[in-house]
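Just so you know, all these numbers are worked out from the coordinates, no wet-lab data involved. Values in this document were obtained by computation on a predicted structure and should not be read as measured data. No Cβ is skipped: glycine too gets one built from the backbone with ideal geometry, and neighbour counts run over all protein chains shown.
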Amino acid sequence: ASLPYGAVPAYADAQSNTGEAIIHADDHPENWLTYGRTYTEQRYSPLEDINRSNVGNLKLAWFYDLDTNRGQEGTPLVVDGVMYATTNWSKMKALDAATGKLLWAYDPRTPGNIADKGCCDTVNRGAAYWNGKVFFGTFDGRLIALDAKTGKLVWSVNTIPKDASLGQQRSYTVDGAVRIAKGRVLIGNGGSEFGARGFVSAYDAETGKLDWRFYTVPNNKNQPDHAASDSALMTKAYKTWSPTGAWTKQGGGGTVWDSIVYDPEADLVYLGVGNGSPWNYKYRSDGIGDNLFLGSIVAVKPETGEYVWHFQETPMDQWDYTSVQQIMTLDLPINGEKRHVIVHAPKNGFFYILDAKTGEFLSGTNYVYQNWALGLDQKTGRPIYNPEALYTLNGKEWYGIPGDLGGHNFAAMAYSPKTGLVYIPGQQVPFLYKNQVGGFKAHPDSWNLGLDMNKAGLPDTPEARTAFMKDLKGWIIAWDPKTQKAAWVVDHKGPWNGGILATGGDLLFQGLANGEFHAYDATNGADLFHFDAQSGIIAPPITYKAQGKQYVAVEVGWGGIYPFFLGGLARTSGWTVNHSRVVAFSLDGNAVLPPQNDKGFLPVKPPAQYDTKVTDNGYFQFQTYCAACHGDNAEGAGVLPDLRWSGAIRHQDAFYNVVGRGALTAYGMDRFDTSLKPDEIEAIRQFIIKRANETYQREVDARKNDKGIPENPTLGITP
Ligand SMILES: O=C(O)c1cc(C(=O)O)c2c(n1)C(=O)C(=O)c1cc(C(=O)O)[nH]c1-2
Ligand SMILES: [Ca+2]
């Protein structure tokens with residue numbers, strides 16, 4: 001809009017003064033300028049044209065089919081009518097937010113053979129916008145700046161220094177949303193399941209020059225890295241690690257793969273720090289020390305990366321209990337006084353309230369059932385361990401709840417200032433933890449947890465599977481931070497549902513693992529609207545206005561670690577195919593999805609013979625190298641090919657071409673001849689044929705419902 005000469009705009013222009021515009025986001029409710037909409041990461045939009053009284057009439061306004069049928073976890077941004085959505089394989093699409101028409105696309109050509117360098121699908125959670133440029137990370141570790149109008153490359157840097165990888169010992173991938181504060185692009189990475197030493201880097205948004213870097217775990221020789229973290233690591237962190245132990249090679253972990261939050265009120269950047277590498281605390285650190293800053297929130301200064309405070313939620317991590325989950329700030333009355341606090345629901349199952357400026361622990365209560373701690377010390381917030389849960393120290397198996405996927409994972413929670421409730425996409429997915437037999441041994445190109453990967457899988461018996469399935473749960477937990485109690489919950493069919501959006505229309509929006517997109521009443525959870533999106537949804541919705549009209553949009557696309565690793569059991573959530581798209585809703589939409597014609601991976605009768613002498617070794621190799629993507633015990637969940645029905649298992653040469661020689665690297669299947677011998681690859685093939693025979697009839701039977709979805713994967717298992 002044109003202003004009379006000399007007039008001052010009522011709000012900062014989003015395209016030329018993005019920092020101020022984000023701080024005053026409520027002056028721009030039509031936009032969604034940063035990952036959590038505002039720097040508070042509350043994912044609350046004041047827009048209310050769509051509200052409880054009319055949401056029942058919500059209609060599909062447009063859809064845009066994506067060119068990657070894998071997990072979609074992105075939060076699109078909307079800046080003055082343009083939507084910037086990142087997708088799987090680190091691609092960027094700029095769409096007209098009113099029509100879904102593609103304005104431009106950018107493909108950074110991430111190489112396919114790196115999919116197995118990250119734990120959890122080649123996802124991307126989103127971009128950042130700053131003064132006319134959009135920024136995002138790529139799975140192979142680049143940070144890319146594009147001109148937001150044209151999609152032309154402005155600059156690109158490799159955020160992973162060569163020496164961080166220590167030869168091939170460690171692995172780094174980037175899938176988290178980048179953030180921007182005070183002209184600096186902040187980016188982390190993942191890799192702790194393989195071997196990694198976590199760090200966050202800050203780049204100048206204009207030039208791409210590195211401003212500072214903060215490592216989250218010590219240098220293995222306690223030497224300076226010439227990084228912002230040097231003093232905190234050398235004076236505080238190093239002494240909480242054993243000077244020997246596998247961390248000195250594997251890196252110790254602590255990857256910041258999701259949450260990096262700037263808080264303008266405290267003028268601090270909060271880093272959510274991940275799990276230990278390897279997971280096994282005994283092998284990692286000789287069973288000694290708290291291992292700072294694993295499982296912590298660390299606060300640093302935005303200009304320099306200088307350490308300010310930390311709070312460790314999970315000392316002695318051995319459960320993959322990352323603290324990377326979304327860090328939200330809000331103002332809360334505590335003992336009659338208004339406090340600016342961080343509220344946090346990390347994987348470990350406790351809901352923490354911390355003073356944002358100092359990190360002081362104010363309170364903490366479990367938001368889901370958990371069995372690893374007897375509670376928190378109410379003064380310090382330190383967990384009081386259940387000795388049975390310390391499996392690396394006591395040498396026993398541990399059936400942990402939460403398991404490695406946490407009571408809450410990357411799916412974003414939301415807060416409504418109108419209800420005062422935090423809405424957590426909570427879940428329960430147990431995990432069986434047991435030490436790796438014979439001490440720690442690292443395998444290149446595979447997860448290196450220091451755990452028994454055979455035990456991490458489930459036996460194929462009806463008892464084991466039925467019991468485990470009973471423990472799979474998912475909810476919206478409407479959490480009252482004032483009382484530290486759930487006000488109410490919405491029960492879902494299973495875990496791994498999408499993030500949540502709260503709006504001024506007293507609504508919550510959430511996509512579910514079963515492929516439905518829902519609107520709920522934010523005051524009581526009543527289900528007010530649902531739409532069949534034809535694929536599981538794991539991403540969080542956003543809302544915005546374009547040409548004066550309110551839209552709600554979400555990326556659709558089943559994937560991420562839950563279906564990858566749990567395989568067949570993840571199908572109990574109700575969907576088995578991935579059809580990835582962006583969908584947008586409005587009150588007067590009239591778009592219609594084409595009828596669904598894909599039924600997922602249908603069983604094909606396998607070869608009848610296999611060599612039982614090698615199938616046990618094949619199981620071990622499969623669980624070590626293949627299961628994390630193709631599913632526990634060789635049962636797929638509908639995203640990547642289900643190997644039991646693959647043509648490639650029918651011939652030794654064909655299988656070797658794919659697994660050994662990399663015939664499908666362009667599609668994300670790396671070659672494994674550097675880590676597996678030909679007879680090991682053949683053992684894997686024999687094992688898959690065995691599993692195909694064992695499960696063929698049951699899969700045929702399981703598809704006899706109208707959607708062709710195996711609702712009960714135990715159907716037909718004979719004890
Ligand atoms: O330790 C790590 O470095 C790391 C990285 C990532 C990632 O980069 O996505 C995940 C995890 N851990 C993790 O523990 C986890 O549960 C997880 C789920 C997902 C996902 O996108 O589905 N990523 C990750
Ligand atoms: Ca992890």
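To make sure I understand, if each residue's beta carbon is the centre and we count other beta carbons within 10 Å, what order do 106, 667, 551 fall in, fewest to most?
667, 106, 551
For a protection proxy built on the mean count of beta-carbon atoms within 10 angstrom, sort 274-285, 377-388, 223-234 highest first, please.
Numbers: 274-285: 29.0, 377-388: 13.7, 223-234: 17.3.
Most protected by this proxy first, the peptides run 274-285, 223-234, 377-388.
Rounded to the nearest 20, the Cβ-based charge dipole of region 524-632 about its Cα centre (Lys and Arg +1, Asp and Glu -1) stands at 160 debye.
Given an 8 Å cut-off on Cα distances and at least 6 residues of separation, report the relative contact order of region 323-396 as a percent. Mind showing how you got there, number by number?
Working: 125 pairs, mean separation 12.9, N = 74.
Relative contact order comes out at 17 percent.
Total lysine pairs in region 367-511 at Cα distances under 14 Å, for residues eight or more apart or on different chains: 6.
By the Cβ-Cβ criterion of under 4.7 Å, the unpaired cysteines of the chain are 626, 629.
How high is the relative contact order of the chain, in percent, counting Cα pairs under 8 Å that sit 6 or more residues apart?
Numbers: 2040 pairs, mean separation 93.0, N = 719.
Relative contact order comes out at 13 percent.
In a fully extended conformation the segment linking residue 701 and residue 652 would gain 14.7 nm over its present Cα-Cα distance, using 0.36 nm per residue. Does region 449-493 come out rounded, prolate or oblate by the C-alpha gyration tensor, with a ≥ b ≥ c the root eigenvalues, rounded set by a/c under 1.5 and, if not, prolate when a/b is larger than b/c and oblate if not? Verdict is oblate for region 449-493. Take the Cα of residue 48, step 7 Å toward its Cβ, do the same at residue 471, and the gap between the two points is 4.5 nm. When region 437-522 is described by a simple charge dipole with +1 on each Lys and Arg Cβ and -1 on each Asp and Glu Cβ, the residue from 458, 499, 510 located farthest towards its positive end is 458.
Full extension of the chain segment joining residue 166 with residue 13 gains 50.6 nm, where the gain is 0.36 nm per residue of separation less the Cα-Cα distance. Normalised by residue count, the chain yields a Cα convex hull volume of 148 Å³ per residue. Secondary-structure-derived ellipticity at 222 nm for the chain, considering helices only, amounts to -3000 deg cm²/dmol, per-run term -39500 (n - 2.57) for DSSP H runs with n ≥ 4.
Rounded, prolate or oblate: which fits region 295-348 when a ≥ b ≥ c are the square roots of the eigenvalues of the alpha-carbon gyration tensor, with rounded for a/c under 1.5 and prolate only if a/b beats b/c?
Details: a/c = 2.32, a/b = 1.27, b/c = 1.83.
Since a/c reaches 1.5 but b/c is at least a/b, the shape of region 295-348 is classed as oblate.
Oblate is the label for region 469-517, because the ratio a/c of its alpha-carbon gyration tensor axes (a ≥ b ≥ c) is 1.5 or higher and a/b is not greater than b/c. Positive end of the dipole of the chain (Cβ unit charges, origin at the Cα centre): among 408, 427, 639, the Cα lying farthest that way belongs to 639.
Please report, in whole Å³, the volume per residue of the convex hull around the C-alpha atoms of region 314-387. Let's see the in-between values first.
Details: hull volume 7.1 nm³, N = 74.
Value for region 314-387: 96 Å³ per residue.
Taking label points 7 Å from Cα along the Cα-to-Cβ direction, residue 104 and residue 20 give a separation of 2.6 nm.
Listed by chain and number, the lysines whose alpha-carbon sits under 21 Å from that of residue 162, ignoring those within fewer than 8 places in the same chain, are 117, 209, 221, 249. Stretching the chain fully between residue 206 and residue 57 yields a gain of 49.2 nm (0.36 nm per residue, less the alpha carbon separation).
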